[in-house]
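Structure first, then comments.
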Amino acid sequence: MSLAPRRAVAALAAVLLAGGMAACGNSDTGTDEGGSGDGKIVMGFSQVGAESGWRTANTNSIKEAAAEAGIELKFDDAQQKQENQIKAIRNYIQQKVDVIAFSPVVESGWDTVLKEAKDAGIPVILTDRAVDSADKSLYKTFLGSDFVKEGRLSGEWLVEQMKSATGDVNIVELQGTTGSAPANDRKKGFGEAIAADPKLKVIASQSGDFTRAGGKQVMEQFLKAHPKIDVLFAHNDDMGLGALEAITAAGKEPGKDIVIITIDAVKDGMQALADGKFNFIAECSPLLGPQLMELAKKVHAGEEVPPRIETEETTFTQEQAKEALPNRKY
Ligand code: GYE
């Protein structure tokens, strides 16, 4: 008997609360229509930073695809800092966005904030980089490359290339951001592949943080410390491009005196490959935007999505780079 009035009071309170929130500038009235209030899906995206040509192409792809898909995008650049990403994700949770997507700078340390998103009922999509959380229910899916494979393909090419070489082949490795999935996985894949030939030896391996400046600086140190360097394996084009400067300054010819293998295949990298300064690139596609928006629509609609979606990629030799370069979009 007292139920009906109580319900009415509750409903009134809800209306007042929603009205109050709207007055405070929060456009989300708590309906199922999503955060924008006009029926548009709202996505909060936390980007790693702007450390490389790959990242710039990735950011452009996400922004363009969101506009095309009619998804309202809230975008944050974390400047390569995990704490900034966690802050951005917490903001998105507070703003009650419909979907959170992010490219985790490192693999570890996400469980708490992912749990907060889950408890708030906001689905999370990982793009580009993976997390090491044991609880896979903390995110809906992971869209990105197989970094182990990229490293392995790079290593396999080198094994083939050095088949008839005599004596030790000294390799230096420029690693990506310490603790990031692509740095961990590319190192692993490459290491496993070159283990097939005991004369292939990694004599130095250090992080250049995926940047040109980092690549140049670390390569300078490598060149000073090691008189005989036969091969450079750089975890991305940008570090390889930075290293080119150090190699030339040391009076060596990149691509001839030192064989250079990189990953990504962005335009500047492909140009260096076509010019004979790089020797091999394993592709890593940054154009994840369209697939990400598709996934966002699906998870928002409550549809099932596969837990892992892999990007399709290839590899390039110098000849192949010359052919592909004119049609390269990024
Ligand atoms: O290879 C590198 C970028 O996570 C796959 O991050 C990405 C990597 C990419 O800075 O250039």
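Say whether the condition of being part of a helix (DSSP H, G or I) and open to solvent by less than 10 Å² (accessible area, probe 1.4 Å) is met by at least one residue in the stretch 308-330.
Among the residues of the stretch 308-330, at least one is part of a helix (DSSP H, G or I) and open to solvent by less than 10 Å² (accessible area, probe 1.4 Å), which makes the answer yes.
Quick one: would you say Gln271 is of a type in the set (S, T, N, Q) and out of contact with any helix residue (DSSP H, G or I) (no Cβ under 7 Å at 6 or more places or on another chain)?
no
List pairs: first in the stretch 55-70 and over 23 Å from Pro182 (Cβ atoms), second at pLDDT 95 or above and among the charged types (D, E, K, R), Cβ under 8 Å, 6+ apart or cross-chain?
Qualifying pairs under 8 Å: Ala66/Glu72; Ala69/Glu294; Ala69/Lys297.
Quick check on Gly191: is it in a helix (DSSP H, G or I) and more than 30 Å from Ser61 (Cα to Cα)?
So Gly191 passes the test.
May I ask you to list the residues in the stretch 98-140 that are farther than 21 Å from Glu310 by Cβ, small (Gly, Ala, Ser) and within 18 Å of the chain's Cα centre (by Cα)?
Scanning the stretch 98-140 gives Ser108, Gly109.
I'm checking my understanding of the structure. Among residues of the stretch 148-162 that are out of contact with any Gly (no Cβ under 7 Å at 6 or more places or on another chain) and either within 16 Å of the ligand (Cβ to nearest atom) or free of Cβ contacts under 8 Å to residues at least 12 places away in the same chain (or both), which one is nearest to Thr311 (Cα to Cα)?
Ranking the candidates gives Leu153 first.
Considering only residues of the stretch 244-267 that are within 16 Å of the ligand (Cβ to nearest atom) and crowded, with 18+ Cβ neighbours inside 10 Å, which is farthest from Thr317 (Cα to Cα)?
Leu244
Suppose we keep only residues that are of a type in the set (A, V, I, L, M) and part of a loop (DSSP other than H, G, I, E, B) within the stretch 268-292. Which one would you say is least open to solvent (accessible area, probe 1.4 Å)?
Leu288
What do you reckon, is Gly214 touching a Lys or Arg at 6+ places or on another chain (Cβ under 9 Å), more than 23 Å from Val159 (Cα to Cα), part of a helix (DSSP H, G or I) and touching a residue at least 24 places away in the same chain (Cβ under 8 Å)?
no
Counting just the residues of the stretch 230-243 that are part of a helix (DSSP H, G or I) and within 12 Å of Asn279 (Cα to Cα), which one comes out nearest to the ligand (Cβ to nearest atom)?
Top of the filtered list is Asp237.
Could you look through the stretch 107-135, keep only residues that are of a type in the set (Asp, Glu) and in contact (Cβ under 8 Å) with a residue 60 or more places away in the chain, and pick out the one that is surrounded by the fewest Cβ atoms within 10 Å (Cβ to Cβ)?
Of everything passing the filter in the stretch 107-135, Glu107 is surrounded by the fewest Cβ atoms within 10 Å (Cβ to Cβ).
The values are calculated or read from the model by the stated rules, or taken from the named source; none is laboratory data. Note that the structure is a prediction, hence the values are computed from the model and not measured. Positions of Cβ are backbone-derived with ideal geometry, glycine not excepted, and every protein chain shown enters the neighbour counts. Each accessible area value is taken on the protein alone, full model and side chains, heavy atoms only, with ligands, DNA and RNA left out. Shrake-Rupley method; radii C 1.70, N 1.55, O 1.52, S 1.80 Å.
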